[in-house]
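Note sheet for the following structure.
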Amino acid sequence: MNIPGEKMAAVRVLHLEDDKSDRILVAEMMRFEGLVCEIKAVQTREDFERALHQGGIDLIISDYSMPTFDGLTGLTIAKRVLPKVPFIFFSGTIGEDLAVNSLKKGAADYVIKQRPHRLVTAIRQALRNVEDQALLQQTEQKNREQAELLDKATDAILVCDLDNRIIYWNQSAERIYRWTAAEAINKNIMEVIFLGKAPSQLQEVMISVHERGEWIGELHESTKDGRPIIVQSRATLICDENGLPKSLLFINTDITERKQLEEQFFRSQRLESLGALISGIAHDLNNALAPVLLGIDMLRASPAEKESILKTMQFSAKRGADMVKQVLAFARGGDTRKSLMHAEPLVKEMGRIITDTFPKNIDCQVKLSSQLWPVLGVPTQLYQVLMNLCVNARDAMPNGGTLTLSTENVCLDETSTINHPDAKPGNYVCVTVKDTGTGISAEQLAKIFQPFFTTKPPGQGTGLGLSTSLNIIKNHEGFLTVNSEVGRGTEFKFYLPAVIDIFPHSMPMEPLLPKGNGECILVVDDEAIVLVIARTALENYGYRVLTADSGLDAISCLAEKRDAVDLVITDLSMPLMGGTATAIALSRINPNLKIIFAGGSEKEAEDAKERVKAKAFISKPLTVENLLTTLHKVLSKRES
């Protein structure tokens, strides 16, 4: 098709007209108006149909009334053979009613011979309409092809407007989230992928997108049926032709299975690290328990020194409990969601582990900078990095030496990051692990982060510690560096992006040991000593207490005193009937009953919470402070 204009290829016109003077008139009018045309004139139906089937026609002009043939029949034939070619009536006999009827049947226009000056304008408009229609069809076809490509993508691709309303949802989004496009479109994205419970991390996402135009990271989301998933997300701000924001594009990759496999690998690697330290841990645990056992005999022999002995026993018992809790958390891995945290506690704890479990010819020095910035991280994974680096440092100092752990705030500019491809300018918290050991040669230094490469003798290392550590740091959007000199030692530094001016460095403490107001608490535990301690502590602080030593006993107690019990604290691990089953049975008796789980594993509690709407979790061993504070929070919180 040729668009009419000053310079163009000839427009191919089929002219159905029995009057020779009218044929000449049309040709001259088009030539005078600058339309270059190749006109083929026909008078009969046979010639008209033959010309149509030959093709090569851009425009049809037809009289309405002819001796042997009429234009309306010609229009019907033309629309059947060449439906996209515009058809214009140029007639002196067509009336208004007939003209309107011809337009309904598909004519592009009609021009009365008594006003011929409008014919060229009608021709130009008809040709433009055809060109516009062809362009529209091309655009629609391109859009369909692009939509098909987006639907074939394995990633979930979704677009929402600035009010968070979803306006595009591809087939992979349907597969990953279990919402159909019809269900998701026009819904708030918070309701669809977070089920109305937007994570705190979303604030960081939105700030980054609006300030820098994009955000890349991991998000914990949910499917339609409530199944939690982890996605690698890329959020991009889309602007209009004037540069004003108009929508948000999300490209999400489901990495749930990969993260699960990764966590299994991390756990295996953590257990390997624990195996290397197990003898030292057993020795330290024995040292913590010894004062408790000795203190019992001392109390019997010297009751006058009760206060001093009890303080020693309390300190030792707490030290042993903290050690068990740390070992369990490290071995199990806990929650893999990033949270706002500080590096100092991890480094201090690592320093204590080194002092207690490493050979005594290794001197551990811990140097912490003041006012260290917080970071977003997974504590057990970062603890694993420290453990891996420190175990390697220990093995590099078979004859003893100095192991230094230090922290500092670091601001990196463009120049500082040139030698580190994974680094970006910004504020970081830097943790350093430095030893005075054998060092690493330049040849080995280039390979140390490769999986299964190890400098240790056969049977003494898997070669996975450093590769795992590097992977963890990268997942925290940080980077890791190493400097080493043979015979003089090695220095590892890992950098974690700092979180500044979003949250305060220190939070005000809540009032300690709040008292109750006569609320009735049912405590369920198979350990008699736990029941005694819990009863004493709670009654001393204003609570009424009922106890049960099994799930069945708790059910019987609640059935008898259904309206008297305000809250239940139940141990998760009990014989015959566990805490989860007990909580389910108690909730059937009183659906409004508030429940708190107690146990040694927060992950176990999270699994239980998926089946029972528990209000909180208290880790064991119980402390009076933790018990009373948790109770106060749960009881004072009003139901929505």
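A Cβ-based charge dipole, computed about the Cα centre of segment 153-254 with Lys and Arg at +1 and Asp and Glu at -1, lands at about 260 debye.
List the pairs from Lys187/Lys613; Lys259/Lys615; Lys474/Lys637 whose alpha-carbon separation is above 32 Å, in the order I gave them. Where the Cα-Cα span goes over 32 Å, the pairs concerned are Lys474/Lys637. Shown here: segment 11-135, whose C-alpha atoms stretch 35, 30, 27 Å along the first, second and third principal axes, sorted largest to smallest. Placing pseudo-labels 7 Å out from each Cα toward the beta carbon at Thr76 and Lys424 gives an inter-label distance of 6.9 nm. Taking other C-beta atoms within 10 angstrom as a stand-in for reagent exposure, Val545, Val532 fall in the order Val532, Val545, fewest first.
In this label model, Glu414 and Ser369 are separated by 2.4 nm, measuring between points 7 Å along each Cα→Cβ vector. In a fully extended conformation the segment linking Leu195 and Asp97 would gain 29.2 nm over its present Cα-Cα distance, using 0.36 nm per residue. The label-point distance for Thr68 and Glu28, in a model that sets each label 7 Å from Cα toward Cβ, rounds to 2.8 nm. On full extension, the segment bounded by Lys224 and Arg50 gains 56.5 nm, given 0.36 nm per residue less the C-alpha separation.
Here the dipole of segment 520-636 is about 420 debye; that uses its Cα centre as origin and unit charges on the Cβ of Lys and Arg (positive) and Asp and Glu (negative).
Contact order, relative form, for segment 11-135: 22 percent (alpha carbon pairs under 8 Å, 6 or more residues apart, mean separation divided by residue count). In percent, rounded to a whole number, the relative contact order of segment 201-247 is 30, using alpha-carbon pairs under 8 Å and six or more apart. Counting neighbouring Cβ atoms within 10 Å and putting the fewest first, the residues Arg175, Arg115, Arg234 line up as Arg115, Arg175, Arg234.
Out of every Cα-Cα pair in segment 153-254, what percent are more than 19 Å apart? The calculated P(r) of segment 153-254 puts 36 percent of pairs beyond 19 Å. Placing +1 on each Lys and Arg Cβ and -1 on each Asp and Glu Cβ, with no other charges, gives segment 513-589 a dipole about its Cα centre of roughly 240 debye. Listed from fewest to most Cβ neighbours within 10 Å, the set Arg118, Arg45 follows the order Arg118, Arg45.
Multiplying the residue separation of Thr402 and Asn592 by 0.36 nm and removing their Cα-Cα distance gives an extension gain of 62.6 nm.
So, R0 is 45 Å and r is the distance between the beta-carbons of Lys187 and Leu261; what FRET efficiency does that work out to, to 0.05?
The formula returns an efficiency of 0.90 here.
At an R0 of 22 angstrom, the distance between the Cβ atoms of Asn540 and Lys561 translates into a FRET efficiency of 0.50. Compactness of segment 520-636, taken as the C-alpha radius of gyration over 2.2 N^0.38 Å, stands at 0.93.
No lab work stands behind these numbers, since they all come straight from the coordinates. If you're wondering where the values come from, they're calculated on a predicted model, not measured in any experiment. Note that we place each Cβ from the backbone using ideal geometry, even for glycine, and neighbour counts take in every protein chain shown.
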